[in-house]
Amino acid sequence: IPHGEPYVTQGMLAQRLPGYPIFRAAFVALCGGVPAVLIAQSILGGLAALVAWRIGLRFSAVAGGCAALLVALDPLQIAFAASVLSETLFTLLMLIGLWLLVRQMEGRGWWHWPAAGLVWGVAVLVRGEALWCLVPLVVWVAWVRTCQIMKTRRDRPGVAINMIPSEEPRLMNSK
């Protein structure tokens with residue numbers, strides 16, 4: 001592959017999405033080898049713990065700390081950071097996308113939607129499985145938005161419905 005030859009195994013051409021090979025090639029070209037990729041992946045693993053902490057803070061400081069500890073001390077996360085595999089980059093991208101969507105759901109600014117879409121698009125270029133994660137995510141966003149709309153509508157019609165009986169006798173007496 002490094003010499004431009006296709007990767008063929010058992011008579012079949014192996015294909016890969018371009019996200020992780022571009023990430024890896026950038027570090028190899030800039031820093032000169034696989035150790036640079038492994039150092040970068042270790043940093044990405046630490047950033048994943050930081051993002052998990054930020055997401056957990058939405059619930060409580062304890063939840064944020066537990067989330068960060070679980071990500072930082074996860075044996076698989078540590079092993080993948082020490083391997084030339086796409087899991088560490090993919091995990092970070094998915095966590096950033098989730099964090100952006102949580103911030104959007106909190107009403108923190110319109111720019112979170114396009115930023116989350118961009119991050120999710122890059123995650124799909126790293127690993128195609130990100131497309132399958134979009135289905136439950138869209139259902140979750142729709143459910144939360146529906147609950148917010150129903151709460152708003154429940155408050156408004158309740159006022160209007162409660163006003164009708166109290167106004168009705170006045171209308172009848174005015175005739």
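Is it fair to say Trp132 is farther than 17 Å from Arg54 by Cα and in contact with a Leu (Cβ under 8 Å, 6 or more places away or on another chain)? Considered against the rule, which asks whether it is farther than 17 Å from Arg54 by Cα and in contact with a Leu (Cβ under 8 Å, 6 or more places away or on another chain), Trp132 comes out as no. Screening Leu69, Leu44 for residues that are open to solvent by less than 50 Å² (accessible area, probe 1.4 Å), aliphatic (A, V, I, L, M) and either out of contact with any strand residue (DSSP E or B) (no Cβ under 9 Å at 6 or more places or on another chain) or more than 25 Å from Ala25 (Cα to Cα) (or both) leaves exactly one candidate, Leu44. Selection of the range 95-120 for residues being open to solvent by 30 Å² or more (accessible area, probe 1.4 Å) and either among the small types (Gly, Ala, Ser) or closer than 16 Å to Ala48 by Cβ (or both) yields Leu95, Ile96, Leu98, Trp99, Gly107, Gly117. Using the structure shown, decide if Arg170 is open to solvent by 80 Å² or more (accessible area, probe 1.4 Å) and at pLDDT below 75. Against the criterion (open to solvent by 80 Å² or more (accessible area, probe 1.4 Å) and at pLDDT below 75), Arg170 qualifies. When Gly64, Gly33 are checked against the criterion of being open to solvent by less than 70 Å² (accessible area, probe 1.4 Å), free of Cβ contacts under 8 Å to residues at least 40 places away in the same chain, more than 19 Å from Ala82 (Cβ to Cβ) and not aliphatic (A, V, I, L, M), a single residue qualifies: Gly64. Within the range 56-68, if we keep just the residues that are in contact with a helix residue (DSSP H, G or I) (Cβ under 8 Å, 6 or more places away or on another chain) and in a helix (DSSP H, G or I), the residue that is nearest to Leu38 (Cα to Cα) turns out to be Ala68.
For the residues Leu92, Leu57, the requirement of being surrounded by 14 or more Cβ atoms within 10 Å (Cβ to Cβ), over 17 Å from Arg24 (Cβ atoms) and at pLDDT 90 or above singles out Leu57. Identify, from the list Ile78, Ile39, the residue that is over 24 Å from Trp120 (Cβ atoms), open to solvent by 20 Å² or more (accessible area, probe 1.4 Å), in a helix (DSSP H, G or I) and touching a residue at least 12 places away in the same chain (Cβ under 8 Å). Only one candidate qualifies: Ile78.
The values are calculated or read from the model by the stated rules, or taken from the named source; none is laboratory data. Because the structure is a prediction, the values reported are computed rather than measured. So basically every Cβ, Gly included, is an ideal-geometry build from the backbone, and we count neighbours across all protein chains shown. The protein model used for the area step is the full one, side chains on, heavy atoms only, and it has no ligands, DNA or RNA in it. Shrake-Rupley method; radii C 1.70, N 1.55, O 1.52, S 1.80 Å.
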